[in-house]
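The values are calculated or read from the model by the stated rules, or taken from the named source; none is laboratory data. Predicted model, so just to flag it, every value in this text is computed and none were measured. Virtual Cβ from ideal backbone geometry, glycine too; neighbours counted across all protein chains shown. Ligands, DNA and RNA are stripped out before the accessible areas are found, and what is left, the full protein with its side chains, is counted by its heavy atoms. Shrake-Rupley method; radii C 1.70, N 1.55, O 1.52, S 1.80 Å.
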Amino acid sequence: MGVYAFSFIAFSIDLARRSSAVDAAQCQAPLVAESHRSTAAGAGGGTTTLTRISARIAYDAATPYSHSASLRVGVSLIVLAWALHLAATVLRGIAANRVPWANMYEFAMMGTLLIVAVFLIVLTRADLRFLGTFVTGLVLILLGVAVLRFYVEVAPLPPALQSVWLVIHVFVASLGTGFFALGFALSTVQLVQFRQESLLTDAMEVRLRFLATLPSAATLENLAYRVNIIGFILWTFTLMAGSIWAERAWGRYWGWDTKEVWTFIIWVVYAGYIHARATRGWRGSRSAWLAIVGFAAVLFNFGVVNVFFKGLHSYSGL
């Protein structure tokens, strides 16, 4: 957690430097924008054209900061923190002589490990390092809650958990949560970016200046959609594997247990998100809010259902 905290600080410094870069760009933007004013007016573009010019100027000026030293330090530290996190999880499994995800504390360790793993894997395909502050902050909160509220000593598995499906079902669910978390982060930034773009004027009134260095709201929405689709596929398998395991453990595939119901609710929310965006043309803030609601249901399922609701899955609580 200490290394994650230093990574969080480094990523935060990078965002601050991006804002400074945009401030510097704004000093030059009016001169450049004025040279395009007559062209924009003649083309009928008006304020919209000038807004794009202003945003482009800010982005170009701040681009060098996407390779700043603080950003490189942040990425290096999160990789180091993940390696330590992986070692701690493996050692927990060795101490228990089983897979380390049989209670809330171990769920939190494994879930946050996979959230960071998904983030690092996606970084090899797309430059999403601007989400570093969000990812490290979320992981620190979840690990902090796990250490303070969920910690338990190593204990043997209850009979219902002594199955190969523990390895398959819980791991896939945790991996799906990792993709949902990244989609949640992208959708949150998308909402803020959408609001920012709607506030831009030809005077370049920017409230959160670092947003000018980030991808557009449309680009963030497309990335979130792709990430959430992967999470949805994994969550679908989670439901199927859970039903098979339930039949072997309790003699039925579905019993309307609280945990089962909320797992299905999460599936329905994300199915609605994918369907609405693909067939109903939901774009912009509406699709982002659906993704955010979906991840809120994931957190509720983990942090509330597991702890405060009684049922056949009560062994996954404290």
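Specify which of the listed residues (S20, S35, S66) is more than 25 Å from F130 (Cβ to Cβ), part of a helix (DSSP H, G or I) and modelled with pLDDT under 85. If you could, list the steps in order and put the result at the bottom.
Working: S20 fails: more than 25 Å from F130 (Cβ to Cβ); S66 fails: more than 25 Å from F130 (Cβ to Cβ).
S35 is the lone residue from the list that is more than 25 Å from F130 (Cβ to Cβ), part of a helix (DSSP H, G or I) and modelled with pLDDT under 85.
So A181 clears everything in (1) open to solvent by 20 Å² or more (accessible area, probe 1.4 Å); (2) in contact with a helix residue (DSSP H, G or I) (Cβ under 9 Å, 6 or more places away or on another chain) except one condition, right? Which one?
All conditions pass for A181, except number (1).
Contact list please: Cβ distance under 6 Å, first residue in segment 150-166 and over 12 Å from A96 (Cα atoms) and among the charged types (D, E, K, R), second residue open to solvent by less than 50 Å² (accessible area, probe 1.4 Å) and part of a helix (DSSP H, G or I), pairs at least six apart or on different chains.
none
Hey, any hits in segment 292-301 for a residue that's at pLDDT below 90 and out of contact with any His (no Cβ under 8 Å at 6 or more places or on another chain)?
First pass over segment 292-301, keeping only residues at pLDDT below 90: 301.
This time we only want the ones that are out of contact with any His (no Cβ under 8 Å at 6 or more places or on another chain), so: 301.
For segment 292-301, residues at pLDDT below 90 and out of contact with any His (no Cβ under 8 Å at 6 or more places or on another chain): present.
Just need a number here: residues in segment 184-197 that are open to solvent by 10 Å² or more (accessible area, probe 1.4 Å) and within 8 Å of the chain's Cα centre (by Cα).
Number satisfying all stated conditions: 1.
State all residues of segment 68-90 that are under 24 Å from A102 (Cβ atoms), of a type outside the set (F, W, Y), open to solvent by 40 Å² or more (accessible area, probe 1.4 Å) and in contact with a helix residue (DSSP H, G or I) (Cβ under 8 Å, 6 or more places away or on another chain); if no residue qualifies, say none.
L84, L86, A88
Among the residues of segment 230-245, are any touching a Pro at 6+ places or on another chain (Cβ under 9 Å), part of a helix (DSSP H, G or I) and at pLDDT below 90?
No, segment 230-245 has no match at all.
Within segment 279-298, can you find the residues that are in contact with a Phe, Trp or Tyr (Cβ under 9 Å, 6 or more places away or on another chain), hydrophobic (A, V, I, L, M, F, W, C) and in a helix (DSSP H, G or I)? Don't jump to the end; show me each part of the working.
So in segment 279-298, the residues in contact with a Phe, Trp or Tyr (Cβ under 9 Å, 6 or more places away or on another chain) come out as 282, 284-285, 287-288, 290-298.
Checking the rest, the ones that are also hydrophobic (A, V, I, L, M, F, W, C) come to 282, 288, 290-293, 295-298.
A288, L290, A291, I292, V293, F295, A296, A297, V298, listed by residue number.
Among the residues of segment 100-122, is there at least one that is touching a residue at least 12 places away in the same chain (Cβ under 8 Å) and open to solvent by 50 Å² or more (accessible area, probe 1.4 Å)?
Taking segment 100-122 first, the residues touching a residue at least 12 places away in the same chain (Cβ under 8 Å) are 101-120, 122.
Cutting the leftovers down to open to solvent by 50 Å² or more (accessible area, probe 1.4 Å) gives us none.
The answer is no, given that none of the residues of segment 100-122 is touching a residue at least 12 places away in the same chain (Cβ under 8 Å) and open to solvent by 50 Å² or more (accessible area, probe 1.4 Å).
Could you identify the single residue in F119, F150 that is modelled with pLDDT under 90 and within 19 Å of V298 (Cβ to Cβ)?
None of the other options fit; the residue is F150.
Any residue at all in segment 213-227 that's closer than 28 Å to W165 by Cα, open to solvent by 30 Å² or more (accessible area, probe 1.4 Å), free of Cβ contacts under 8 Å to residues at least 24 places away in the same chain and part of a helix (DSSP H, G or I)? Can you show your working first?
Taking segment 213-227 as the starting set, the residues that turn out to be closer than 28 Å to W165 by Cα are 226-227.
In the following step, the residues that additionally are open to solvent by 30 Å² or more (accessible area, probe 1.4 Å) were identified as 226.
If we keep only those that are free of Cβ contacts under 8 Å to residues at least 24 places away in the same chain as well, we get 226.
Retained after the next criterion (residues that are part of a helix (DSSP H, G or I)): 226.
Yes, the conditions are met somewhere in segment 213-227.
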